[in-house]
Each structure stands twice: as C-alpha cells, then as structure tokens.
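Note sheet for the following structure.
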C-alpha cells in the first residue's frame, strides 16, 4: 500500500475524482439522472483501476529490476482485467446507460492515469 501514499498516485486519484465529479454534473445538466449516473460509473471504473494498479504494484516488493518489472506487469494485468469486468458489468446490468457519458468519463479518467509518471515526488 506504500504506492497509495506516494504523491504521483495521490495527485492522479484527486484529478480523476475532480474530472469525474465535473463530468457527472455536466451530464446531469445535459442528460438528466441516467447521464449523470453513467458519467459517474465511467469515472469510477477508471478510479478503481488506478487503485487496483497501485495496490498490486506495491505488493510486488521490488528487490531488483526484474522483480520491479514483474510487479508492474502484474499490476497492469490486474488493471486491464478489472476494467474489462467493470465495463461489462455496467453495460450488461444498467439498461439505461448513456453510453457517450459512460465511455467519455471512463476515457477521461484513464487518460488522467497516464500523467502519473510526469508528476514529481517532492
């Protein structure tokens, strides 16, 4: 869990939350309750993936470059699997999903995760 305490992942999670909340409000105004719920679910899918990545990566115990790479690959596999499961779950169970808001919010959340390497540790 030490990765969740690092500044880059905290910054990314904060911005994912801010963007998800903003898109949820915009979707509410533009498309009503189902648009807002869809945007929230899309953003939360990305946030859950980021948290899962951080947790699994921090369990890796990087003793050398090989184990660090293995931990990162394992974390990426868990993140991708979780995204697939969550996307399927929402799309198969929430019949009134507003697909544009759902996928748009998910993509925004996923793109924000890609800035983590650019965030400096103080």
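The values are calculated or read from the model by the stated rules, or taken from the named source; none is laboratory data. Note that the structure is a prediction, hence the values are computed from the model and not measured. When we count neighbours, we look across all protein chains shown, and the Cβ atoms used for this are built from the backbone with ideal geometry, even at glycine.
Residues that are surrounded by 12 or more Cβ atoms within 10 Å (Cβ to Cβ), over 13 Å from the mean Cα position of the chain (by Cα), touching a residue at least 24 places away in the same chain (Cβ under 8 Å) and in a helix (DSSP H, G or I) within region 81-99 comprise just one, 90.
Which ones in region 6-17 are part of a helix (DSSP H, G or I) and within 24 Å of residue 80 (Cβ to Cβ)? The answer is 8, 9, 10, 11, 12, 13, 14, 15, 16, 17.
The number of residues in region 108-120 that are surrounded by 12 or more Cβ atoms within 10 Å (Cβ to Cβ), assigned to a helix (DSSP H, G or I) and in contact (Cβ under 8 Å) with a residue 12 or more places away in the chain comes to 6.
Restricting attention to region 20-46, report how many residues are surrounded by fewer than 19 Cβ atoms within 10 Å (Cβ to Cβ) and either part of a helix (DSSP H, G or I) or at pLDDT below 95 (or both). Outline the logic, then answer.
Within region 20-46, the first condition is being surrounded by fewer than 19 Cβ atoms within 10 Å (Cβ to Cβ), and the residues that meet it are 21-22, 25-26, 28-34.
Narrowing further to those that are either part of a helix (DSSP H, G or I) or at pLDDT below 95 (or both): 21-22, 25-26, 28-31, 33-34.
Selection size over region 20-46: 10.
For region 65-79, state whether one or more residues are modelled with pLDDT under 95 and farther than 23 Å from residue 5 by Cβ. Yes, the conditions are met somewhere in region 65-79.
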